[in-house]
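Below is one structure, written out as structure tokens, with a few remarks after it.
What follows draws every value from the coordinates through simple rules; no lab data is involved. Remember, predicted model here, so these are calculated numbers, not experimental data. Positions of Cβ are generated from backbone atoms using ideal geometry, with glycine treated the same way; all protein chains shown enter the neighbour counts.
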Amino acid sequence: MIIGCPTEIKAQEGRVGVTPAMVYAFEKAGHRVLIQKGAGLGSGFPDEEYAANGAELLDTAKEVFDASEMIIKVKEPLPAEYDLFHEGQILFTYLHLAPDPEQTEALLRKKVIGIAYETVQLANGALPLLSCMSEIAGRMAVQVGAHLLESPVSGGRGILLSGVSGVEKGHVVIIGGGTVGTSAVKIAIGMGANVTVIDMNAQRLAYLDDIFGSRIQTLMSNPFNIAKAVESADVVIGCVLVPGRRTPVLVTNEMVSHMKRGSVLIDVAIDQGGSIEAIDRITTHADPFYTKEDGIIRYSVANMPGAVPRTSTLALTNVTLPYALKIANLGAEGACKADPAIMKGLNVYKGLLTYKGVADAQNLPYTPAEEAIG
């Protein structure tokens, strides 16, 4: 199979979908790899390193798309890339289609075979291609919150999360106790903050209590508990994810209206629609936060791990390579039939929408993946 990797064009996105190590693996398996010149520079991989491992370097994204049977990226395609696809081309990347009808329409129109990292799912419910980025985003979120609390940075409350002797610690509220939330807890505890974790799964809360003990407060997710926790928070981090579906809104504008001026809201799931109603737009690493009349600082960068592209690229490609090799070796249909996890990753197939969560979010016709590929 001919595999192509273009340069990411999302603002401040330095990650790359294919590393030189992946090129080596593909070449050893008998595949051909095309890399757009400069695609790996943001993650510290020069063109020479790709070439040394057998990649062919091309000047433009169009050349890569035109010649490739499978495109491997990191982020979802942007409008400038829609017309580069051709019918039957495999796209293996994060898609996050549920809140993005424009992208959904484009991929259906171009009859792309779209396999989304974020919905590749194991039998036990684990999301192996999402958890690595979730871990990074969770760890980053607390760092970001601590930074934005500094007055000269954002007009924040001027609070040190750890406090000092004789001075109260900052309060971090983490909504969602999955991979993102657990990673955020680790860093918040390490910084010495008071930490509250809210989740709807009693077993998950029991697990977090066992792991972290008295260093955290766990609360069952309901509007009353969320409202009380948000009101007292210095930093609120939304960590809720429903695989492939639009994120439910759990933190309402009414709850946020009772927060202290200079407090911080961070929504890690903004690329799936977000769980904090008061955050009404996506930001970028170039302009990552904004403040409204209420004085609350809002951070809503959709590609948080893109700020640490070297770490993120290595973590991501460690887990995508086995799946990418299976798709290259067996073809999209063969890989889906051989591996139920890849079948769950199939979101669009040659003009058919094959992921129910996306169909429900956009009120579009749905065809089960197994039926679509025959």
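For the stretch 163-261, what relative contact order do you get, as a whole percent, if you take Cα pairs closer than 8 Å and at least 6 residues apart?
Details: 149 pairs, mean separation 30.6, N = 99.
Relative contact order for the stretch 163-261 comes out at 31 percent.
What's the exposure ranking of I276, I296, going from fewest to most Cβ atoms within 10 Å? Write down the numbers at each step before the final one.
Working: I276 27, I296 20.
The most exposed by this proxy come first: I296, I276.
Per-residue ellipticity at 222 nm computed for the chain from its helices equals -11000 deg cm²/dmol, with DSSP H segments shorter than 4 residues left out and the rest contributing -39,500 (n - 2.57). Principal semi-axes of the equivalent ellipsoid, √(5λ) from the alpha carbon gyration tensor of the chain, are 38, 22, 19 Å from largest down.
Please compute the net charge surrounding A55, taking Lys and Arg as +1 and Asp and Glu as -1 over other residues with Cβ under 14 Å from its Cβ.
Working: positive: K28, R32, K37; negative: E27, D47, E48, E49, E56, D59, E63.
That works out to -4.
Here L321, L148 are placed in order of increasing Cβ neighbour count within 10 Å, fewest first, which gives L321, L148. A simple spin-label model places pseudo-atoms 7 Å from Cα toward Cβ; at S151 and K350 they are separated by 6.5 nm. Of all lysines in the structure, the ones whose alpha carbon falls short of 22 Å from that of K10, not counting any fewer than 8 places away in one chain, are K37, K62, K73, K75, K110. Of G156, A324, A227, which is farthest along the charge dipole of the chain in the positive direction, counting Lys and Arg as +1 and Asp and Glu as -1 at C-beta? After comparing all options, I get A227. Shown is the FRET efficiency for L364 and E168, computed with R0 = 51 Å from the Cβ-Cβ distance and rounded to the nearest 0.05: 0.55.
Only lysines eight or more places from K186 in sequence, or on another chain, were considered; those with a Cα closer than 20 Å are K169.
Starting from the Cα-Cα distance between L330 and M220, subtract it from 0.36 nm times their residue separation and give me the gain in nm to one decimal. Write out the running numbers ahead of the final one.
Details: separation 110, 0.36 × 110 = 39.60 nm, distance 4.47 nm.
Taking L330 through M220 to full extension adds about 35.1 nm, to one decimal.
How much length is gained on full extension from D294 to I211, taking 0.36 nm per residue of separation minus their Cα-Cα distance? Can you show the working numbers first?
On the way: separation 83, 0.36 × 83 = 29.88 nm, distance 3.65 nm.
Here the segment from D294 to I211 would lengthen by 26.2 nm.
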